[in-house]
1. I need the peptides 83-96, 12-25, 50-63 ranked by packing, meaning the mean over residues of other C-beta atoms within 10 angstrom, with the highest value on top.
2. Label-point separation (nm) for Val93 and Asn56, each offset 7 Å from Cα along Cα-to-Cβ?
3. Compare the Cα positions of Ile98, Val61, Gly20 along the charge dipole of the chain (+1 at Cβ of Lys, Arg; -1 at Cβ of Asp, Glu; about the Cα centre) and return the one farthest towards the positive end.
4. Under 5 Å between amide hydrogens, which residues at least 5 positions from Val93 or on another chain qualify, with H placed 1.01 Å from N in the peptide plane?
5. Can you give the charge dipole size of the stretch 1-55 about its Cα centre, rounded to the nearest 20 debye, using +1 on the beta carbon of Lys and Arg and -1 on the beta carbon of Asp and Glu?
6. Please list, ordered by chain and number, the residues whose modelled amide H lies under 5 Å from the amide H of Val23; skip anything fewer than 5 residues away on the same chain.
7. Could you work out the Rg to Rh ratio of the stretch 2-101, with Rh taken as the Kirkwood radius (inverse of the mean 1/r over all Cα pairs)?
8. How large is the dipole of the chain about the Cα centre if only Lys and Arg carry +1 and Asp and Glu carry -1, each at its Cβ, rounded to the nearest 20 debye?
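Taken together, the values in this text are just the output of simple stated rules run on the coordinates, not laboratory data. No experiment lies behind these values; they were computed from the predicted model shown. In this analysis, Cβ positions are derived from the backbone assuming ideal geometry, glycine residues included, and neighbour counts consider all displayed protein chains.
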Amino acid sequence: MRAYQRQGWEVVGVNPNAAGTEVEGVAVYETVSAVPRVEGGWDRALFYIPPRYGVNAVRQVAERGDVAELWLNPGADGPEVIAEAERLGVRYVQACAIMDVGPMPR
């Protein structure tokens, strides 16, 4: 979250175990579906979750229809997650999202 915040991105967190709290000063929601909609939609959803949870989260991204691309970070990019993204037509990138924005978090 810090790496994206430092680059000026608006970020939110999704974690059912921390829902209703803040992490790095931003709101945490229970599910992808619970994240508020924003004008123009969200540029990205970044997955840092085990594939067993990722399949359902991909479904929620697809149902929202307002996320431009999904980043499947190493460890979150299981074949079942990729298959579901492809089945649902969710545009995805298999790569480290932190490396994409440059700075390493501290």
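1. Numbers: 83-96: 14.6, 12-25: 12.6, 50-63: 17.3.
Final packing ranking: 50-63, 83-96, 12-25.
2. 2.8 nm
3. Ile98
4. Leu70, Trp71, Leu72
5. Values: 5 positive and 6 negative charges, 41 e Å.
Charge dipole, the stretch 1-55, about its Cα centre: 200 debye, nearest 20.
6. Amide H to amide H, under 5 Å and 5 or more residues apart or across chains, Val23 pairs with Val28.
7. Numbers: Rg = 12.8 Å, Rh = 13.7 Å.
My calculation of the ratio gives 0.93.
8. Working: 10 positive and 14 negative charges, 32 e Å.
Here the size comes out at about 160 debye.
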